[in-house]
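Below: one structure, written as structure tokens.
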Amino acid sequence: MATGRNWVLASDLNQRIDSIGARAARAATAELAADLDAIRVIAAANGITPALPIVHALESALAAGQRGPMIADGLSLLRDAVACGRSDPRTGAAFAAACAIRLAS
């Protein structure tokens, strides 16, 4: 993460992402979607905008019944977005494009 970004915040988000990853195969879709929504709210409130399209794509993938490697790959990308330390439009677009490629079914 970039200097000045809150390490406690990043740690909290990464713990939430790891929790979703650990439960993705067995938890109810609604439960995982609620956890992703909480990440979205925290990310949006703290200017971590590259995470937002990834959360949306993960929610869509879960709603479509996806589990396993596709979700794990999306969660990995979400960790990267949280850690990148940038929130400019180009970074957001780059993460959105990477997400579209990685989560293509």
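Within region 3-29, which residues are in contact with a helix residue (DSSP H, G or I) (Cβ under 9 Å, 6 or more places away or on another chain) and among the small types (Gly, Ala, Ser)?
Within region 3-29, ALA10, SER19, GLY21, ALA24, ALA25, ALA27 meet the criteria.
Please report, ordered by residue number, the helices (runs of 4 or more DSSP H) entirely within region 1-63 with at least 1 residues that are under 14 Å from ARG79 (Cβ atoms), within 13 Å of the chain's Cα centre (by Cα) and polar (S, T, N, Q). Reasoning before the result, please.
Values: elements: 7-23, 29-45, 51-63.
The helices (runs of 4 or more DSSP H) meeting that bar are 7-23.
Looking for whichever is surrounded by 18 or more Cβ atoms within 10 Å (Cβ to Cβ), farther than 17 Å from ASP37 by Cα and not hydroxyl-bearing (Ser, Thr, Tyr) here; the options are LEU103, LEU58. Which one fits? If you could, list the steps in order and put the result at the bottom.
On the way: LEU58 fails: farther than 17 Å from ASP37 by Cα.
Checking each option against the conditions leaves just LEU103.
Among the numbered criteria (1) over 12 Å from the mean Cα position of the chain (by Cα); (2) part of a helix (DSSP H, G or I); (3) surrounded by 17 or more Cβ atoms within 10 Å (Cβ to Cβ), which one does SER87 miss?
(2)
Go through region 25-51 and report how many residues are in contact (Cβ under 8 Å) with a residue 40 or more places away in the chain and under 16 Å from ASP12 (Cα atoms). Please lay out each step first, then the result.
Step one: list which residues in region 25-51 are in contact (Cβ under 8 Å) with a residue 40 or more places away in the chain, which gives 25, 46-47, 49-51.
Retained after the next criterion (residues that are under 16 Å from ASP12 (Cα atoms)): 46-47, 51.
Within region 25-51, residues that are in contact (Cβ under 8 Å) with a residue 40 or more places away in the chain and under 16 Å from ASP12 (Cα atoms) number 3.
Over 16 Å from ILE71 (Cα atoms) and either at pLDDT below 95 or touching a Cys at 6+ places or on another chain (Cβ under 9 Å) (or both), is that true of ILE48? Walk me through how you get there before you give the answer.
Details: over 16 Å from ILE71 (Cα atoms): yes; either at pLDDT below 95 or touching a Cys at 6+ places or on another chain (Cβ under 9 Å) (or both): yes.
Yes, satisfied.
The values are calculated or read from the model by the stated rules, or taken from the named source; none is laboratory data. Predicted model, so just to flag it, every value in this text is computed and none were measured. Backbone-built Cβ (ideal geometry, glycine too); neighbour counts: all protein chains shown.
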